[in-house]
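The values are calculated or read from the model by the stated rules, or taken from the named source; none is laboratory data. Quick caveat: nothing in here was measured; it's all calculated off a predicted structure. As a convention, Cβ positions derive from the backbone with ideal geometry for all residues, glycine included, and neighbour counts pool all protein chains shown. Areas reflect the complete protein model, heavy atoms only, side chains present, ligands, DNA and RNA absent. Shrake-Rupley method; radii C 1.70, N 1.55, O 1.52, S 1.80 Å.
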Amino acid sequence: MFGFSEKYLNAVEEFSKKEAYRDPSEGRSYTYGEFDGYVRTLAAKLKAQGLKSGDVCAIVLPHTVDFVASIYACILSGICYVPLASSYPKERIDTIAEDSGAKLILEQDFLKDVNTFSPLLKLPKTERDAAALMVYTSGSTGKPKGVLHDNESLASAIERYPLIQEFSTGDVHGSNAPFYFIVHIMDALAPFM
């Protein structure tokens, strides 16, 4: 397993009972252990839908813990995720999903029966150079273009984050960036690093 997955699993083990995420829209908080259980349940459903390591999944959800958990479920399953705004027009979502080669557009309906799946206990091995994230440009000068980031560049960006923003155990970190901008990795993924 590549460094990102290892860091995530270490954080879950070390802080299992501590709060990891608070989602004001749901009025609920998640411990690291609860969040990991949700992530692994989502990963199990992705697998049941036929997605495997190396596939691409477009995530089109509101800015909630569901989006963050879906990101982790994809990364830990070796699936490259494409974050898209739920406010995007259907035509834009479909165009980007097709261009990226997404095998699934993960929307709100995907989450309806997710709790009927058993959490995925064994995570696949992820490679350093495997695709992890594809972010699309706005398309203001033409057709939106996807920029691919591998596991190594994603982990490297997150590891550098403390050089920009100092934080420690117990700090509260807000999620302000839209998930379809690259800076979202700091908001969504840094708490486990």
Legend entry - Residue-span extension gain [residue 141 to residue 117] - 0.36 nm each, minus C-alpha spacing: 4.4 nm
Legend entry - Distance between modelled label sites at residue 6 and residue 87, nm, 7 Å Cα→Cβ extension: 4.0 nm
Inset, instruction - Figure the gain on full extension for residue 17 and residue 99 (residue separation times 0.36 nm, minus the Cα-Cα span) and round it to one decimal in nm. - result: 25.4 nm
Legend entry - Mean Cβ count within 10 Å, highest first, over the residues of peptides 123-130, 111-118: 123-130, 111-118
Legend entry - Extension gain from residue 34 to residue 129, taking 0.36 nm per residue of separation minus the Cα-Cα distance: 31.3 nm
Legend entry - Nitroxide proxy distance, nm - points 7 Å out along Cα→Cβ at residue 107 and residue 148: 2.7 nm
Inset, instruction - Could you please state how large a percent of the accessible area of region 1-137 is carbon and sulfur, counting protein chains only and using a 1.4 Å probe? - result: 50 percent
Legend entry - Whole-number D in µm²/s for region 97-143 (Stokes-Einstein; Kirkwood sum over Cα pairs; 25 °C, 0.890 mPa s): 169 µm²/s
Legend entry - Cα-based reach from residue 90 at 29 Å (exclusive), listing lysines while leaving out same-chain residues under 8 positions away: 45, 47, 52, 103, 112, 143, 145
